[in-house]
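Enquirer: Supplied in structure tokens, the structure appears directly below.
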Amino acid sequence: MDLKQVIRDFPDFPRTGILFRDITTILKDPAHFNSAIVQIEELLEGIEYDLVISPESRGFMFGAPIAARQKKGFVPARKKGKLPGEVIRKTYFLEYGLDAIEIHKDAIQPGQKVVIVDDLLATGGTAKGICDIVEELGGKVVRIAFLIELCSIPGREILKDYDLRTVIKY
């Protein structure tokens, strides 16, 4: 199924100069949503992993069902201040500002193999922040999978040391 045909574009959102790729059109249709999950799962074939990590909020929509279907643990990477207990935080750049991502310190055990699943690769800052946390906790990122990659933004370059796969490229 060609999901690229379903995605809507919103120019100048959330600010002037940004072209927002809207995936709600995929999410609202069960066949499209399932196809997106299956196509991301296909990017993970042939590797061994213990955990799926996804950043809030749109990454959760794809990472959690994949973890459940593959019988893997799911680790949420949350925005600053959303997780109780001890966390590790990394600050990163977005295409329109600064943000931070946090993961519980006990979420990843040394030696665990991790895949990161998210909806969109733009600057790569969120995924790189998650990679840094995984490695700080002794885990290994074995693959990063995105539904969409914005090729005009150098996110892939920031993640050049990782095995990165995408379903749709713009």
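Enquirer: Quick check on the stretch 71-99: of everything there that is in contact with a Phe, Trp or Tyr (Cβ under 7 Å, 6 or more places away or on another chain) and not acidic (D, E), which residue is nearest to L51 (Cα to Cα)?
Expert: Filtering the stretch 71-99 for residues that are in contact with a Phe, Trp or Tyr (Cβ under 7 Å, 6 or more places away or on another chain) and not acidic (D, E), the one nearest to L51 (Cα to Cα) comes out as K72.
Enquirer: Can you find a residue in the stretch 104-121 that is crowded, with 23+ Cβ neighbours inside 10 Å, free of Cβ contacts under 8 Å to residues at least 60 places away in the same chain and closer than 21 Å to S152 by Cα?
Expert: Yes - at least one qualifying residue is present in the stretch 104-121.
Enquirer: What single numbered condition from (1) open to solvent by less than 30 Å² (accessible area, probe 1.4 Å); (2) among the aliphatic types (A, V, I, L, M); (3) in a strand (DSSP E or B) fails to hold for I133?
Expert: So I133 meets the others, but not (3).
Enquirer: Can you tell me which of (1) open to solvent by less than 60 Å² (accessible area, probe 1.4 Å); (2) under 27 Å from Y170 (Cβ atoms); (3) of a type outside the set (V, I, T) is the one L98 doesn't meet?
Expert: The one condition L98 does not meet is (1).
Enquirer: Which of the residues spanning the stretch 7-41 are in contact with a Lys or Arg (Cβ under 9 Å, 6 or more places away or on another chain), assigned to a helix (DSSP H, G or I) and open to solvent by 60 Å² or more (accessible area, probe 1.4 Å)?
Expert: T24, the sole residue that qualifies.
Enquirer: Only residues that are among the charged types (D, E, K, R) and under 14 Å from the mean Cα position of the chain (by Cα): list them for the stretch 93-131, please.
Expert: E102, D118, D119, K128
The values are calculated or read from the model by the stated rules, or taken from the named source; none is laboratory data. Bear in mind that the values here come from a model prediction, so they are computed numbers and not experimental data. A quick note on method: Cβ atoms are made from the backbone with ideal geometry, for glycine too, and the neighbour counts reach across all protein chains shown. Heads up: the accessible areas ignore ligands, DNA and RNA and are worked out on the full protein's heavy atoms, side chains in. Shrake-Rupley method; radii C 1.70, N 1.55, O 1.52, S 1.80 Å.
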